[in-house]
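Asker: Structure provided below as structure tokens; questions to follow.
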Amino acid sequence: MEGDILDLLLQLKKEKLTPIYLTLEDIKAIVMHTCGITIVHVNAWAIARDPEIWENPEEFIPERFLNNDIDFKGEDFELISFGAGRRGCPGIALGVASMELALSNLLYAFDWELPCGMKKEDIDTNVKPGITMHKKNDLCLIPIKYI
Ligand code: HEM
């Protein structure tokens, strides 16, 4: 693995390409030595899609986290949504609380239905490329007032 990354970096250097744009699944981290500084780019995207860790990694299966010891708080390196270690996200509690508050309110106040003719298998969970995750195509649902 290390050898592969070094080869790749040499190739990139030769072609004057910037490694940060890589999204190759088999590259979990890129180590760059420049001007006496070592920069490590951890490819969290690839780690979260590693078939050696996750079953059907490309599938949207939120139930995979039920009865699973892997946690997102930075102790388990298989899932590093908030990073890990000293430079891990200091806003984790606020981030999680904000998400849970918004989601639980939406679930509490409405029943959600798919537009006519659409099945749950048709939901597109693809994301746009980038540092932060945005859905490629909007999720359109029908809220039915519950309260
Ligand atoms: C769901 C919401 C959020 C996610 C998924 C998230 C994710 C991340 C990730 C992956 C990192 C990089 C960690 C690393 O390099 O190891 C990070 C860093 C950081 N986050 Fe968040 N974050 C979220 C919310 C927040 C909030 C609400 C705040 C502040 C109120 C915040 C403040 C920061 C700061 C200041 C850093 C830089 C830490 C450093 O470099 O020492 N984040 N976050």
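The values are calculated or read from the model by the stated rules, or taken from the named source; none is laboratory data. Note that the structure is predicted; figures quoted are calculated from it, not measured. Quick reminder, even Gly has a Cβ in these numbers, built from the backbone with ideal geometry, and neighbours come from all protein chains shown.
Asker: Being more than 14 Å from the ligand (Cβ to nearest atom), surrounded by 10 or more Cβ atoms within 10 Å (Cβ to Cβ), at pLDDT below 75 and acidic (Asp, Glu) narrows it down to one of 50, 7, so name that one.
Answerer: 7
Asker: I'd like to check something: does the range 105-113 contain any residue that is under 22 Å from residue 28 (Cα atoms) and either out of contact with any Gly (no Cβ under 8 Å at 6 or more places or on another chain) or within 16 Å of the ligand (Cβ to nearest atom) (or both)?
Answerer: No - not one qualifying residue is present in the range 105-113.
Asker: Could you check how many residues of the range 73-96 are farther than 17 Å from residue 43 by Cβ and more than 6 Å from the ligand (Cβ to nearest atom)?
Answerer: The total comes to 6.
Asker: What pairs can you find where one residue is in the range 59-86 and within 28 Å of residue 120 (Cα to Cα), the other is more than 15 Å from the ligand (Cβ to nearest atom) and of a type outside the set (Asp, Glu), and their Cβ atoms are less than 6 Å apart, with a gap of 6+ or different chains?
Answerer: Here the result reads 60/125; 78/53; 78/70; 79/70, each pair linking the range 59-86 to a residue that is more than 15 Å from the ligand (Cβ to nearest atom) and of a type outside the set (Asp, Glu).
Asker: Can residue 117 be described as on the phi > 0 side of the Ramachandran plot, more than 10 Å from the ligand (Cβ to nearest atom) and not hydrophobic (A, V, I, L, M, F, W, C)?
Answerer: Against the criterion (on the phi > 0 side of the Ramachandran plot, more than 10 Å from the ligand (Cβ to nearest atom) and not hydrophobic (A, V, I, L, M, F, W, C)), residue 117 qualifies.
Asker: Out of 94, 101, 139, 114, I need the residue that is touching a helix residue (DSSP H, G or I) at 6+ places or on another chain (Cβ under 8 Å) and among the aliphatic types (A, V, I, L, M). Which one?
Answerer: 114
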